[in-house]
Structure formats: C-alpha cells, structure tokens
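A short worksheet on the structure shown next.
A short reminder: the numbers here are calculations on the coordinates, not readings from a lab. As the structure is a prediction and not an experimental result, all values here were calculated from the model. Using ideal geometry, Cβ is built from the backbone for each residue, glycine included, and neighbour counts are taken over all protein chains shown.
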Amino acid sequence: MFFKHSRYKNQETEVGPDARGRKLSSVSLRLTPVTTGTVRHTLTDADRLDHLSWTCYRTPQLWWHIADANPEFLSPLELMGDGPFRTVRIPMGSGNTAPPPGRSDLLRRLTALPGVEDVLMDETGEPLPTEAADAPEATLIICYNRLTTSPEELVAAVTEAGWIAGTAQPVERTGKSIALADL
C-alpha cells in the first residue's frame, strides 16, 4: 500500500519467487517519465528536495517529480550535490622540464585510481602560482567517488606523473541550475 503521492501508487504489482521459493509481491520497475513545462532553479546551500517540493507543489512528498525532471543525475543525492561523486579542478603545468611529461601516462595513472569516473583536460586552465607559471598550463577536471579516493590522492597522482599540480578546487552544485517539473 502506497500513500496518495507515491510515485509507485499506480504501478502494477508482480508476484515472483525469492531465493527460498516463497512467492513475494513487488512493484514493477517505474520508468522515468518525460517531463514537460519545466522551469529552472539555481541551487543554494540551504536547498533540499522536500523544501523545493513544498515551494513548488505545496507538499514535500512530490520531491521525486524534481528528480524525474533531472534524469542526468543518477540519484536525488547527486542532484543536490550530496552523493558520493565529487568533481574537482586541479590546475597543472609541466614546469621547465624538457620534454614535458606524457599526458597519456598522467591520464592512465588517474583512471587507474579506484573511484575515478571521468578525467577531462582543459587546455585553458588557470595559471599556476609556482615556477611553472611560464609553462603551458592546463586544468584537470576529475569526477571521482569520495568514498574510495581523495583530492590529495588525485594531486599525488598528478605529481607522480611528473607534472606540477596546484591545489584541488571542488566544483560545487551550489549555484548550478536544476529543472523543476511543472505539474
């Protein structure tokens, strides 16, 4: 039995056996619907999905409509920036070494770290406040699982690959735009 605002209220019930052979009923998988008429909201530090739901729909139980309107996020926690995945920017340079360290070795080291999901190298990075200031700079943008690795380990991997790394700067969800479904 589901409450009246549940996203599973109108889903069909299926009966199937469990590992012991008992017949159990469950709700079938709910596909994420296509949302229309969305408006945008810029996240603040104080935002929570239930509060946004109250503001938009006058009930905190409809938060899942906001999650449905943002299918690029795997979970409501990720949508609000509270999930295990984080993104950091690490400014880096090659210093005065000739030849510069290999980029493929750097990318291989980073992607070999547990929990590193994605690595992007931006060639128009911020200048480094080090002796590498006159070298070509770049910024690494790394998405990683904070439960399995840390920004310090990412910086260490950049340094071990022969690059000069700046301080890892978190990329926060605060100030980012999300969609609010129009019901």
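Local charge sum around Thr36 (other residues, Cβ-Cβ under 12 Å, Lys/Arg +1, Asp/Glu -1)? Around Thr36, the charge tally is -2. Relative to one another, the C-alpha centroids of the range 147-178 and the range 15-42 are positioned 35 Å apart. Pop a pseudo-label 7 angstrom from the Cα along the beta-carbon direction at both Phe73 and Val15 and give the gap in nm to one decimal. It is 3.9 nm.
Residue by residue, the range 144-156 carries 3J(HN,Hα) couplings of 9, 8, 5, 7, 10, 8, 10, x, 5, 5, 5, 4, 4 Hz when phi is fed to the Karplus relation 6.51 cos²θ - 1.76 cosθ + 1.60 (θ = phi - 60°); x denotes Gly or Pro.
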